[in-house]
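Report on one structure; see the data block that follows.
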Amino acid sequence: MDRYLLRQVVPPFSIALGVVMIALLLERLLVLFDILAANGSSMKTFFGLLSDLIPHYLGLALPAAMCVSVFSVIRRMSTNHEIDALMASGVSIFRICQPFVLTGAVFGLLAFSLYGFIQPYARYDYRAAFYFASHAGWAPHLQSKMFAVSDNIVLTAETVDHAGSRMWHVFIRDNTDKSHVRFISAQKGYLYNPSDGSNIRLDLVDGTIITDSLDKPPSITGFSRTTQLISPNHKLDDEAYRNRGETERELTVPELYEGIRHGYNGLSHSYMVAELHFRLARTVAIPFIPLLACALAGVRKRQRGNPGLAIAAITLVGFDHTLQMGLSFVANMHMSPLLVIWLPTAGFATICVGMLIRQAGGLRMLLTRGPALPARQLSADGLPRRHVAEGPA
């Protein structure tokens, strides 16, 4: 029976996990793609940032996918009267939920590794990679009638399109050479930002160059086409970005524990306490999610609709927001995590178990239910065999 139940839950879990992950990643990916395209970053950078986002959204999608998959399996079995047949054979609803609860415990360990170790490193890697992608060389995000300022160059244009690569009515103030200042105006301009980080090439068409040497009269030069090479204002190396651990969300669970005991430079003690208890509470709550799904998925006789999935979603979202609020209370108001984090967690677990007991018929049914009949005393239809005397009728 356990193997049958687990085989049934794998396909809906895979589908639900994929759908939830796509829904969570889609908006972030579109924004990220626009930013990287405007800065001339490669697809390799895009997929690297995508891989750093997956652990964060996986931690959000895992409980939701588990709830939806268990709910769909129990709902289908209840509709097809498989649950009724199992319970008539002496198998309780708690025994049916057992493989799902054990799977939830395994997912809880996976979530602990995500929340406690993988997500802090992935969050830091994402921020560092995004910093390097958006600051790799002099790659201005040009817009119409706006100034792009470097150390020695000011660039503006009346009209800009093609993500800042094509310009009309261009004006440049170049102070690269300290002995003189050049003012360049052109009808058109084309900006090329090479992917290897070398000098940016700006091709100008139909313009004028005014050179002011300060101690001499300015000179004026007209051109039909010229090329201006712009050096990046700085090169980024591995030390240009900060070290990991600027926020408590970038610390692993052992680092948070050591920081609470001995202190951590630049981080508040209350913030580290709140973050540690928040991660542990989210991990502890995961094995109770299958109980909630099993309790709400049952279909009563002659019942047309079942709002169980909506109730489960509201319960999970409300519990997550309660933990978020408790995290804020502990971090900012120095409240006890036992009161605002662990008490809601205990309440969530009690609700899940209580709803399953209610689905099974209540405590009275559990206390009065006798032991299940052995398999040899059950007929093929799940009903007790009658003892029939041997011999002719």
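Points worth noting:
- Being at pLDDT 50 or above and surrounded by 12 or more Cβ atoms within 10 Å (Cβ to Cβ) is a property that does not hold for residue 310.
- Residue satisfying condition, being under 30 Å from residue 296 (Cα atoms), in contact with a strand residue (DSSP E or B) (Cβ under 7 Å, 6 or more places away or on another chain) and in the same structural domain as residue 319 (by TED's automatic domain parsing), within set 89, 78, 14: 89
- Considered as a group, the residues in segment 201-241 that are assigned to a loop (DSSP other than H, G, I, E, B) and loosely packed, with under 12 Cβ neighbours inside 10 Å include one that is modelled with the highest pLDDT, and that residue is 217.
- Any hit, segment 22-32, residues being surrounded by fewer than 19 Cβ atoms within 10 Å (Cβ to Cβ), of a type outside the set (A, V, I, L, M, F, W, C), assigned by TED's automatic domain parsing to the domain that holds residue 356 and modelled with pLDDT under 85: yes
- Qualifying residue in segment 32-39 (condition: of a type outside the set (D, E, K, R) and within 15 Å of the chain's Cα centre (by Cα)): yes
- Among the residues here, residue 69 qualifies as among the polar types (S, T, N, Q), within 28 Å of residue 119 (Cα to Cα) and at pLDDT 85 or above.
- Residue 267 vs. criteria surrounded by 21 or more Cβ atoms within 10 Å (Cβ to Cβ) and over 19 Å from residue 69 (Cα atoms): no
- Among the candidates 334, 277, residue that is at positive phi and in contact (Cβ under 8 Å) with a residue 24 or more places away in the chain: 334
- Flag for residue 280 being surrounded by fewer than 21 Cβ atoms within 10 Å (Cβ to Cβ), modelled with pLDDT of 95 or more and of a type outside the set (Asp, Glu): yes
The values are calculated or read from the model by the stated rules, or taken from the named source; none is laboratory data. This structure is a prediction, so every number in the text was calculated from the model and none was measured. Positions of Cβ are backbone-derived with ideal geometry, glycine not excepted, and every protein chain shown enters the neighbour counts.
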